[in-house]
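Below is one structure, written out as structure tokens, with a few remarks after it.
The values are calculated or read from the model by the stated rules, or taken from the named source; none is laboratory data. All values derive from a computational prediction rather than experimental measurement. A quick note on method: Cβ atoms are made from the backbone with ideal geometry, for glycine too, and the neighbour counts reach across all protein chains shown. These accessible areas exclude ligands, DNA and RNA; they are computed on the full protein's heavy atoms, side chains included. Shrake-Rupley method; radii C 1.70, N 1.55, O 1.52, S 1.80 Å.
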Amino acid sequence: MLRFHFTPEDLARTRVVATWGPLGETFFSLMTLQQSHMGSAFAGWRERLFDDPLAHRTLRNPATTLFRGGVLDLFTLTGHAATLDQGLEALVSARPRHFAAELADAEESHAFYFPAASSWAGARWGDPARERGDRNDLVNFLREYHDTAVLPYWKRMHARLAAEQAALARTLAERGIDAMLASLPAGFRWRPPVLEVGRGPVTGESRLGGRGMMLVPSIFCQNRPTSYVSASDEQIPVLLFVPLVRNVSDTARVLADDTAELAALEALLGRTRARALDAIGRGPCTTGQLAERLSVSLPNASEHATILRNAGVISTTRHGSAVLHTLTALGTTLLNGG
């Protein structure tokens, strides 16, 4: 059990965000995938990954060892990122000394939490803190893995995460911070001014000291709360991830295999453009909203929208300084399998 001690300043600075972004969920999914007792909740998702030849090849990449044991904090290093491209750009731009501090902290954490195990395997994979080639290899691996393990489910994941954030934010606005902390799910206990996280004997005490806390719902965070404290910046709030998947029925709602629905369309348009058409089909959106739904950069979203518009499957109208993309009759027919 971890115990977090709040001051009035910490309570005032505590916030809730819907998600740390697709890269954050990618980090957690790599941790979950390598847990020896993953449990039944993620079993179907794992089986689909290993049945996919491309995913299976990606998972043999030795960079996966960086995420073994869940001790490496790349969350505070990259910060919140709405799209995968934003998150990977933050990873590329991270200062070498900050990255090195997180790697050193991961080794220490592994030795503390797994005293009977051998040294942390991630320490033996390259030097992404100082070697640009290793950093680029890591970024390329994360992009390739995300596209097979997270992207196919992101639509449902994002909707579930946003709903949880809205519920917590509503409690915060209507009843205050104490009520919101008290409403957190199993695994959290609010005993003012202390938030207890996890069960069993106390393994750590943390005084936030004015940092505050950022509460972040997560799908791939395993069924126990997980916290990260930046090893390189004492001003960054403590991150506390709130797991939303507790059982198989939770997984079925957000990690259902919906790839078959788009398989024919992907063969015709390509994977990302098929998903762009599907994203617009969920409701008219601006280019920025399309980028967020697809977890791509704004220029990439604009390029996909242009190609779809030229093909006659979407139309684009201007609303002030923004443009709004909607399906045409042809686009609706294609999306519905016509």
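For the stretch 199-338, what does the relative contact order come out to in percent, with C-alpha contacts under 8 Å and a separation of six or more? If you can, show how the numbers build up before the last one.
Numbers: 166 pairs, mean separation 22.5, N = 140.
Over the stretch 199-338, the number comes to 16 percent.
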- Search the structure for amide H atoms under 5 Å from the amide H of Cys285, placed 1.01 Å from N in the peptide plane, and list their residues when 5 or more places away or on another chain. His325
- Message: Rounded, prolate or oblate, given the Cα gyration tensor of the stretch 10-130, with a/c below 1.5 counting as rounded?
- Response: rounded
- Item | Neighbour net charge for Arg273 - beta-carbon separation under 12 angstrom, K R +1, D E -1 | 0
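What is the calculated FRET efficiency for Ala117 to Arg170, with r their C-beta to C-beta distance and R₀ = 30 Å, to the nearest 0.05?
It comes out at approximately 0.10.
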- For the stretch 92-134, which trypsin sites (Lys or Arg not before Pro) are in a loop by DSSP, counting at most 16 other Cβ atoms within 10 Å? Arg130
- Carbon and sulfur together cover what percent of the accessible area of the chain at a 1.4 Å probe radius? 52
- Note on the structure: Inter-part gap, Cα centre of the stretch 80-99 to Cα centre of the stretch 274-326, in whole angstrom, is 25
- Note on the structure: Note, Phe99: beta-carbon cut-off 10 Å, +1 each Lys/Arg, -1 each Asp/Glu, net +2
- Item | Helical contribution to [θ] at 222 nm, DSSP H n ≥ 4, -39,500 (n - 2.57), averaged over the chain, rounded to 500 | -15000 deg cm²/dmol
- Under a 1.4 Å probe, what is the accessible area of the stretch 3-69 per residue, stated in Å²? 44
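Please say if the stretch 233-330 is rounded, prolate or oblate, where rounded means a/c under 1.5 for a ≥ b ≥ c the square roots of the C-alpha gyration tensor eigenvalues, and otherwise the choice is prolate for a/b larger than b/c and oblate otherwise? Walk me through the numbers before you get to the answer.
Working: a/c = 2.50, a/b = 1.36, b/c = 1.83.
Oblate.
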- Antiparallel %, DSSP beta bridges [both residues in the chain], to 5: 60
- Of the listed values (i) 60; (ii) 43; (iii) 36, grab the one calculated as percent of Cα pairs over 29 Å apart from the structure here. (ii)
- Could you please report the charge total around Gly210, scoring K, R as +1 and D, E as -1 over all other residues with beta-carbon less than 11 angstrom from its beta-carbon? 0
- Message: Restricting to DSSP loop positions (anything but H, G, I, E, B) with no more than 16 other Cβ atoms inside 10 Å of their own Cβ, which GluC sites (Glu not before Pro) remain in the stretch 76-123?
- Response: none
- Query: What's the extension gain from Asp51 to Thr306 if we count 0.36 nm per residue and subtract their Cα-Cα distance?
  - Reply: 88.4 nm
